[in-house]
Amino acid sequence: QVQLVQSGGGLVQDGGSLRLSCAASGLKVSKYVMGWFRQPPGKEREFVAAIAWSGGSIQYSDSVKGRFTISRDNAKNTVYLQMNSLKPEDTAVYYCTAGRTYNYQYAASYGYWGQGTQVTVSS
């Protein structure tokens with residue numbers, strides 16, 4: 001049984017930093033595309049970042065490029081999202097996801113999802 005268990009998140013001030021973690025069981029993060037999506041209040045879920053299987057590429061949405069960093073620790077079977085220079089518009093529920101896809105930016109192409117973590121950035 002595949003599980004993606006998220007941790008981190010919370011309330012931070014404008015310009016602050018947070019790190020989200022996504023610990024996987026039942027699959028190896030090195031063999032999957034691991035992604036992060038977010039859903040702002042009242043909006044659709046949107047792509048944030050993805051890292052392909054071992055040795056693969058990394059992609060970011062334009063809105064987070066240069067501020068967020070996705071990484072993977074194969075030994076811990078965990079994926080991270082380091083979020084710096086946070087802005088109020090980054091406020092959302094963040095989801096970790098895993099899939100075998102080349103369509104990194106499309107939520108429907110992923111098969112497994114974490115439980116979601118609230119990130120709130122105050123101005």
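The values are calculated or read from the model by the stated rules, or taken from the named source; none is laboratory data. Worth saying up front: this structure is predicted, and the values here are computed from it rather than measured. Heads up, the Cβs are rebuilt from the backbone with ideal geometry, glycines too, and the neighbour counts pull from every protein chain shown. The protein model used for the area step is the full one, side chains on, heavy atoms only, and it has no ligands, DNA or RNA in it. Shrake-Rupley method; radii C 1.70, N 1.55, O 1.52, S 1.80 Å.
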Inset, instruction - Among Ser71, Ser21, Ser63, determine the one that fluctuates most according to a GNM of the chain built with springs between C-alpha atoms less than 10 Å apart. - result: Ser63
Inset, instruction - Over 21 Å between C-alpha atoms is what I'm after, so list which of Lys28/Lys87; Lys28/Lys76; Lys31/Lys65; Lys43/Lys76 land there. - result: Lys28/Lys87; Lys31/Lys65; Lys43/Lys76
Inset, instruction - Show me 108-121, 86-99 ranked by packing, highest mean number of other Cβ atoms within 10 Å first. - result: 86-99, 108-121
Legend entry - Gyration tensor (alpha-carbon) shape descriptor, the chain, a/c threshold 1.5: prolate
Legend entry - Surface share of carbon and sulfur [accessible, 1.4 angstrom probe, percent] for the chain: 45 percent
Inset, instruction - Distance between Cα centroids, the range 81-112 to the range 1-55: provide it in whole Å. - result: 5 Å
Legend entry - Per residue accessible area in Å² of the range 13-123, where ligands, DNA and RNA are left out and the probe is 1.4 Å: 49 Å²
Inset, instruction - Might you report the magnitude of the Cβ-based charge dipole of the chain about its Cα centre, with Lys and Arg at +1 and Asp and Glu at -1, to the nearest 20 debye? - result: 360 debye
Inset, instruction - Please turn the phi angles of the range 60-76 into ³J(HN,Hα) values with the Karplus equation 6.51 cos²θ - 1.76 cosθ + 1.60 (θ = phi - 60°), one per residue in order, whole Hz, x for glycine and proline. - result: 10, 6, 4, 6, 10, 4, x, 10, 10, 9, 9, 8, 9, 10, 5, 5, 8
Legend entry - For Leu27, distant residues with modelled amide H under 5 Å away: Gln3
Legend entry - Under 5 Å, built H, 5+ apart or other chain: amide partners of Asn103: none
